[in-house]
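Below: one structure, written as structure tokens.
The values are calculated or read from the model by the stated rules, or taken from the named source; none is laboratory data. Computed from a prediction, not measured in an experiment: that's the story for all the values here. As a convention, Cβ positions derive from the backbone with ideal geometry for all residues, glycine included, and neighbour counts pool all protein chains shown.
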Amino acid sequence: MSSRKSRPQKRRRRSIIAFEMIRLDRTATEPLHEQLYRQIRDELKSGRFGDGSSRLPSSRALATDRGISRSTVRLALSKLHAEGYLRSKPGSGTFVANLLPETFLTADQPKTYEPIQRPIRISDRVRTIPDGRVGDQFDLGATGAGAGVSLVPSIPAVDEFPMAAWERLRAQVLAKKGVNLLRYASNRGDADLRKAIAAYLCDFRAARCHPDQIVIVAGMQQAMLVSALAMLNPGEVAWIEDPCYQQTRRVLTLAGIKIIPKPLDNEGDRDCAIAKRKTAEDHLRDALSPISSWRYHEFPASDRLARFRACSQRIYFRG
């Protein structure tokens with residue numbers, strides 16, 4: 001009988017002894033319950049209580065031992081309960097939590113595994129892109145901020161860009177439209193921008209164009225891809241200039257289009273006067289294969305399509 005009574009007394013004395021290092025400063029600006037909470041938490045974090053079987057003294061015993069009110073002890077213990085440092089067991093008392101909150105804040109050491117060798121999973125569509133540099137084709141044209149003159153094609157003189165005027169106009173647009181720019185808009189692009197482009201094409205390019213006929217894209221490559229997907233089925237034929245803008249070939253290949261190069265000279269497409277020569281490609285006329293051809297600033301030589309060849313091209317493809 002005496003041995004049974006000695007166990008809880010010994011366990012309770014050990015718990016009280018664990019808090020003997022608590023020192024409360026009654027002259028400090030920090031409230032007593034905050035001091036008690038902080039010091040008990042630091043003791044629990046130190047690991048001196050071992051596993052979750054350690055029992056805390058009752059609020060009455062802790063208040064008596066420290067010479068403070070029970071309400072002060074209860075405030076401190078309730079905060080420790082809320083943060084997961086303590087757990088209550090009805091009829092038995094208050095115990096240290098099995099897992100302290102710091103357990104979940106500490107990242108485990110990553111396990112190391114032997115690398116698994118497996119073939120790269122990639123579609124045939126990507127494999128057929130005419131570029132042997134894996135991944136490099138996606139960075140074609142990317143330039144850093146190095147000094148000197150950039151010889152990368154299609155890169156303007158960015159140092160001459162009117163940044164101050166651009167920022168002023170951007171601020172005006174944001175002030176006018178505000179949060180409307182953060183919402184979903186038409187898939188064709190901003191309506192005001194399409195109106196401005198249509199007006200420009202009518203005034204400066206003599207093109208009869210309506211804003212509903214314009215689709216805003218991220219760049220030329222996306223425009224070519226959207227056009228190819230809309231106009232051609234996989235396996236159909238398209239004529240392109242040779243040499244040409246390499247991204248044109250890549251985009252059409254990605255869309256599954258069969259490409260027929262058309263050679264160029266300093267006056268443009270040599271095959272525009274098709275009526276003067278019979279070739280094996282003439283049978284494609286009835287199928288009307290689309291042609292990627294630039295009348296001005298051909299890439300990369302920047303030649304212009306001669307007027308008589310442009311006329312021959314229009315006559316032929318109109319039938």
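What the table shows:
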quantity: Helices (runs of 4 or more DSSP H) fully within region 127-244 counting 2 or more residues that are at pLDDT 90 or above; calculated: 163-177, 191-204
quantity: Single match in Gly91, Gly67 (criterion: at pLDDT below 85 and not β-branched (Val, Ile, Thr)); calculated: Gly91
quantity: Residue that is surrounded by the most Cβ atoms within 10 Å (Cβ to Cβ), among those in region 201-252 that are charged (D, E, K, R) and under 29 Å from the mean Cα position of the chain (by Cα); calculated: Arg249
quantity: Every pair of residues 6+ apart whose Cβ atoms lie under 7 Å, when the first sits in region 62-73 and is of a type in the set (Val, Ile, Thr) while the second is in a loop (DSSP other than H, G, I, E, B); calculated: Ile68/Leu24
quantity: Residue in region 21-40 that is modelled with pLDDT under 85, of a type in the set (Phe, Trp, Tyr) and surrounded by 14 or more Cβ atoms within 10 Å (Cβ to Cβ) present; calculated: no
quantity: Qualifying positions in region 68-101 - part of a loop (DSSP other than H, G, I, E, B) and either touching a Cys at 6+ places or on another chain (Cβ under 9 Å) or of a type in the set (Val, Ile, Thr) (or both); calculated: Ile68
